[in-house]
1. Restricting attention to segment 29-48, and to residues there that are open to solvent by 40 Å² or more (accessible area, probe 1.4 Å) and within 13 Å of G93 (Cα to Cα), which single residue is nearest to the chain's Cα centre (by Cα)?
2. Which ones in segment 176-234 are of a type in the set (S, T, Y), out of contact with any Phe, Trp or Tyr (no Cβ under 9 Å at 6 or more places or on another chain) and not in a loop (DSSP other than H, G, I, E, B)?
3. Name every residue in segment 99-134 that is in a loop (DSSP other than H, G, I, E, B), open to solvent by 40 Å² or more (accessible area, probe 1.4 Å) and closer than 19 Å to Q166 by Cα, in order of residue number.
4. Does I220 satisfy the criteria of being under 16 Å from A109 (Cβ atoms), of a type in the set (V, I, T) and within 22 Å of the chain's Cα centre (by Cα)?
5. Quick check, is Q137 more than 24 Å from D35 (Cβ to Cβ), outside any helix (DSSP H, G or I) and touching a helix residue (DSSP H, G or I) at 6+ places or on another chain (Cβ under 8 Å)?
6. Taking the criterion of being at pLDDT 95 or above, closer than 24 Å to Q189 by Cβ and not hydroxyl-bearing (S, T, Y), would at least one residue in segment 133-141 satisfy it?
7. Checking L174 against (1) surrounded by 20 or more Cβ atoms within 10 Å (Cβ to Cβ); (2) within 26 Å of A109 (Cβ to Cβ), which test does it fail?
8. Confirm whether L184 is more than 19 Å from Q34 (Cα to Cα), in contact (Cβ under 8 Å) with a residue 60 or more places away in the chain, surrounded by 14 or more Cβ atoms within 10 Å (Cβ to Cβ) and under 19 Å from the mean Cα position of the chain (by Cα).
Amino acid sequence: MNTDFDCIGLADEANTIHLKVIPESLETVIVRDQDVPIFCIDRAEIESTPWDLTIKQILPCIDGFNHVLMIACQAEVDVSLVQLCIQHLLHYGAIKLISVFQYSNVYMATSSVSHLQGDRILANECLRFITKRGRPQPEIREVFALYCALGPGVTVRDWCLRHEPQSLGIDERLFIQFGLMKNLIVRLQKYPVLLSDEPSVDALKQYRELLTGKSSFDEICCQSGLSHQQLDTFVESDPHLVVCWK
């Protein structure tokens, strides 16, 4: 066994066994179908690590936008195995989990956003991450103002139209990714609540058990195959459904 606490044993002429001692995890993170894994260390470093075959199969599908169910479909791997692989990568600090990006999403800044003003290392990392290739980096005060402009009732689409981040050379999708990774912002999600025994919209009747206020739009869309726009239309047209933001 080497200093990294792993070893390779020869089982026979054609097979080898890879063994590694890992510290016991104090907490197992539950990975849901709608969670989106994103690399938080250099991708090349992760891909050069001798992972098992299943992890190697899903790594190309991890891009910070694909959710777990989509990764399972693209990699042609059972979703339960993908969830186990994601847990493994989380344990080693190779990835973090964020929510699905959509222009209809709503976010708000946390108190941690103030660190952009005083932490030069964080500020430089942010500028490198969010600036579009070939464009000059914006001022950190402009980035700070953009994060503070997010809030309840303001969708990403509204925010883009109002502040035009691309005119500053900022990729709005990477802007949101970085904010979630560093806890500078949080997502406000919609949870539909059924106020009667059964929804009046036929398309929602088979998903009645998900309309309790405990399942977000992301979870319901993943399980039903409905788009956010379709689900939003169905919910708004049903007088027996209300939406809780949290």
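1. Looking at the filtered set, the residue picked out is C40.
2. Y207, T233
3. Once the filter is applied, which keeps residues that are in a loop (DSSP other than H, G, I, E, B), open to solvent by 40 Å² or more (accessible area, probe 1.4 Å) and closer than 19 Å to Q166 by Cα, segment 99-134 yields Q102, Y103, S104, K132, R133, G134.
4. Working: under 16 Å from A109 (Cβ atoms): no; of a type in the set (V, I, T): yes; within 22 Å of the chain's Cα centre (by Cα): yes.
Considered against the rule, which asks whether it is under 16 Å from A109 (Cβ atoms), of a type in the set (V, I, T) and within 22 Å of the chain's Cα centre (by Cα), I220 comes out as no.
5. yes
6. There is no residue in segment 133-141 that is at pLDDT 95 or above, closer than 24 Å to Q189 by Cβ and not hydroxyl-bearing (S, T, Y).
7. (1)
8. Judged against the criteria, L184 is a match.
The values are calculated or read from the model by the stated rules, or taken from the named source; none is laboratory data. Bear in mind that the values here come from a model prediction, so they are computed numbers and not experimental data. Cβ sites come from the backbone with ideal geometry, for glycine too, and all protein chains shown count toward neighbours. SASA here: full protein model, heavy atoms, side chains in, ligands and nucleic acids out. Shrake-Rupley method; radii C 1.70, N 1.55, O 1.52, S 1.80 Å.
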